[in-house]
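We did not get these values from a lab; they are worked out from the coordinates using the rules stated. The structure displayed is predicted, hence computed values, not measured ones. Quick reminder, even Gly has a Cβ in these numbers, built from the backbone with ideal geometry, and neighbours come from all protein chains shown.
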Amino acid sequence: MHELMTLKQPPTIDPAELVARKDTIVRAVRDILTSVGEDPDRDGLQRTPERISRMYDEILAGYKVDPISLINEAMFDVDYDEMVVVKDIEFFSMCEHHMLPFYGRAHVAYIPTNKVIGLSKIPRIVEMFARRLQVQERMTMQIANILDEVLHPLGVAVVVEAAHLCSMMRGIKKEHARMVTSSMLGCFKDNEKTRNELLHHISSRGETT
Ligand SMILES: [Zn+2]
């Protein structure tokens, strides 16, 4: 199950279209406020639709990032074939079923063949996929797949731990409030020793790799 989709270019949106989209969000939020029994014109709420519209611009900014330029400028050739681990990458995302936040940490590892990516880019990749409407399982796979596609490493592993406000706030499925997902490709999937080494890295708090 390999989605080359992850490398698709985001569509270019002209500025007029962006303004129109903002207005649509403002109107929609006003409608929601009225529908839940609020007065959208009262003091505290007057500018709420506008604020939410601007906030979506930020927390859903991942749709506008071009993954190819994000990654291409940061790859370089290196003679290194040991495990690279970037752990405890904090992220905030939005569940696509309820449009409520889920947030936590992502741990990303790969074993290069001869290409590596600048370490600062891995959190940027996580952020690019987090700042969309997501399900945690898909986000985990997308991060793993894109690294697999561009680096052609011996293996990639992504582990994501997150708390989901849609479970926590609604008082149901509390046991799923904190969820762990993982995507293991290549040698992380095939080799138990490699996988265990990674899990050891992730669980050893405070130690850098
Ligand atoms: Zn949800």
- Message: With the crude spin-label approximation of a point 7 Å out along Cα→Cβ, what separation in nm comes out for N196 versus D31?
- Response: 5.7 nm
- Item | Loop sites in segment 18-84: GluC sites (Glu not before Pro), DSSP, at most 13 other Cβ within 10 Å | E73, E82
- Message: Give the aspartates and glutamates whose C-alpha is closer than 14 Å to that of K64, dropping any in the same chain fewer than 8 places away, or say none.
- Response: D14, E17, E127
- Assigned charges on the beta-carbon of Lys, Arg, Asp, Glu; segment 33-93 dipole about Cα centre (debye): 440 debye
- Message: To the nearest 20 Debye, how big is the dipole of segment 68-115 about its Cα centre, given +1 on the beta carbon of each Lys and Arg and -1 on that of each Asp and Glu?
- Response: 220 debye
- Non-local residues with an amide H under 5 Å from the amide H of Q134, with H modelled 1.01 Å from N and Pro and chain starts lacking one, are M94, C95, E96
- Query: Taking θ as phi - 60°, what are the ³J(HN,Hα) couplings along segment 191-196 by the Karplus curve (6.51, -1.76, 1.60), each to the nearest whole Hz, with x for Gly and Pro?
  - Reply: 10, 5, 5, 4, 4, 5
- Value of [θ]222 nm, deg cm²/dmol, for the chain, DSSP H segments ≥ 4, -39500 (n - 2.57) each, nearest 500: -12500 deg cm²/dmol
- Note on the structure: the chain: longest segment with zero exposed trypsin sites (Lys or Arg not before Pro), where exposed means DSSP loop plus at most 16 other C-beta atoms within 10 Å, is residues 48-172
- Message: Taking R0 as 22 Å, what FRET efficiency do you get between T113 and V180 from their Cβ-Cβ distance, rounded to the nearest 0.05?
- Response: 0.20
- With point charges of +1 on the Cβ of Lys and Arg and -1 on the Cβ of Asp and Glu, referenced to the Cα centre of the chain, which listed residue (M94, V84, I202) lies farthest in the positive direction of the dipole? M94
- Message: Suppose every Lys and Arg Cβ carries +1 and every Asp and Glu Cβ carries -1, with no other charges. What dipole size does the chain come out with about its Cα centre, to the nearest 20 debye?
- Response: 560 debye
